[in-house]
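Notes for the one structure printed next.
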Amino acid sequence: MKAIIFDGALKFVDDYPVPEPGEQEALVRVSMAGICNTDVEITKGYLGFRGIMGHEFVGIVEKAPEYAAGFIHRRVVGEINNGCNTCDYCKAGLQKHCSSRTTLGIQGKDGIFAEHAVLPVSNLHVVPESVSDEEAVFIEPLAAAYEIQEQIVIKPAHAILVLGDGKLGLLCALVLNRSGAQVTLAGKHDQKLKIAGNQQIQTVNIETETLGKEKKYDIVVEATGSAEGFETALQYVKPRGIIVMKSTIASLQKINLAPLVIDEVTLIGSRCGPFEAAIQALAQKQIDVKPLISGIYTARDAEDAFKAAMKKENLKIIIDFR
């Protein structure tokens, strides 16, 4: 099968063996897959991953255990964390914090940049007919945006700054804007900011405009994908405010943590989130993700797809395996 692998270098192969599902796994024929910034960071050494990359997808189940036969021929997306199911974190539904977890296409488990992939049945979610394949690719990152509201209480009076007009920054702004809070998206690309502006979100191009006085935001979501984003977040969060970190970055950088202590700022790391909320938002057309699609490439053009994904001006690049 065709597959995109990283073994110290990015490779595009057409003779990778089709995986065999285990006793509690399903074999999924991948329909579409999205390239995430984490995938780009993997090519720079993030987590030392080796194998098939990718974790954002929609596909059709071809094989499943007898107890899960109802999934066969269904269109699905899948959560990316696979825990041991016996530790305290797994029992509490927090497989993403299991110390022995694998993470689809990121850590210890082959991903979905291939014609077929295997996932635990327990990780699968059926996609409603009202959600297209192109939209379904966004369910995993959209769920990550909804995770913020799982971690902190958002109030209408809150002033929220989202730093970064990339894919995840835009999704966070779109989700948080539905809370009724006062949301501002800050970025550097007018075309990207326009997507948020068209969905009634206040935007600021920090290269041509000013964010105003410092320390004015109750909550700052850092989604720049850069090592410098955290220091910017510290500049604009209020004393006793909250910084939510979304960026996963391979590079290391020294940062001054003194303002975090002096201003008694709460720092929250934020990763994967609730798929149900993301699926419902797309099924009910509450959030429009289609403007975030910058290009769709066939599997045979996967190398071009990755080159496009690495360009700052682009947002979501999708690989079509159908």
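Tabulated values for the structure
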item	result
Rounded Å value of the spacing that divides the Cα centres of segment 207-241 and segment 265-299	22
Solvent-accessible area, 1.4 Å probe, carbon plus sulfur percent, for segment 32-102	49
Accessible area, probe 1.4 Å, largest first, for residues Glu207, Glu25, Glu222	Glu207, Glu25, Glu222
Relative packing of peptides 257-264, 70-77, 313-320 - highest average C-beta neighbours within 10 Å first	313-320, 70-77, 257-264
Gyration tensor (alpha-carbon) shape descriptor, the chain, a/c threshold 1.5	prolate
Label point at Asp7 placed 7 Å out along Cα→Cβ; residues across segment 25-62 whose backbone nitrogen lies under 12 Å	50-52
Top of Val28, Val153, Val204 by mean-square fluctuation, Gaussian network on the chain, Cα under 10 Å	Val153
Cα shape, segment 247-308, gyration tensor, a/c 1.5 rule	oblate
Spatial separation of Cα centroids for segment 32-93 and segment 115-184, in angstrom	17
Gyration tensor verdict on segment 118-263 (Cα atoms; rounded if a/c is under 1.5, prolate if a/b is larger than b/c, oblate otherwise)	prolate
Cβ crowding within 10 Å averaged over residues, with 282-295, 96-109 ranked highest first	96-109, 282-295
Accessible area of Arg178 in the full protein assembly, 1.4 Å probe (Å², nearest 10)	130
Accessible surface, segment 121-168, averaged per residue in Å² (probe 1.4 Å)	34
Carbon + sulfur, % of accessible area of segment 224-283 - ligands and nucleic acids excluded, 1.4 Å	57
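The values are calculated or read from the model by the stated rules, or taken from the named source; none is laboratory data. This is a predicted model, so every value here is computed, not measured. Reconstructed Cβ throughout: ideal geometry from the backbone, glycine too, with neighbour counts over all protein chains shown. For the accessible areas, the whole protein counts, side chains as well, though only heavy atoms, and no ligand, DNA or RNA atoms are used. Shrake-Rupley method; radii C 1.70, N 1.55, O 1.52, S 1.80 Å.
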